[in-house]
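Novice: I'd like to ask some things about the structure below.
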Amino acid sequence: MITKEDVEDAVTYKLTGALMMAAGLLSDAQELLSMGDNAQSNEAINDAKRVIFMVMDGELDPGIRKQI
């Protein structure tokens with residue numbers, strides 16, 4: 001299970017923010033599914049959801065936003 005500290009320590013989070021980290025976890029889940037590893041895929045999906053929920057709760061910076 002991914003923790004807030006895990007996310008904050010990740011290079012992806014530091015460079016692009018939590019939403020790109022969640023996207024990366026979902027990409028990992030797709031790859032795991034293609035290899036037939038359903039258990040690890042499910043864990044990656046749940047980690048991505050945890051990251052998104054931490055953003056929604058204001059615990060993590062969502063990341064780079066395009067300025068209009």
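Novice: Restricting attention to the chain, which trypsin sites (Lys or Arg not before Pro) occupy a DSSP loop and are surrounded by at most 15 other Cβ atoms within 10 Å?
Specialist: Those satisfying the criteria are Arg65, Lys66.
Novice: Taking the beta-carbon count within 10 Å as an exposure proxy, list Val11, Val51 from fewest neighbours to most.
Specialist: Exposure proxy ranking, most exposed first: Val11, Val51.
Novice: So what are the radius of gyration and Dmax for the Cα set of segment 4-56, in Å?
Specialist: Reported Rg and Dmax, both Å: 11.0, 31.
Novice: Now, a different point. Can you give me the relative contact order of the chain as a percent, contacts being Cα pairs under 8 Å and 6 or more apart?
Specialist: 40 percent
Computed from the coordinates by the stated procedures, all read-outs in this text should not be read as laboratory data. The structure presented is a predicted model; accordingly, all values stated were derived computationally and were not measured. Heads up, the Cβs are rebuilt from the backbone with ideal geometry, glycines too, and the neighbour counts pull from every protein chain shown.
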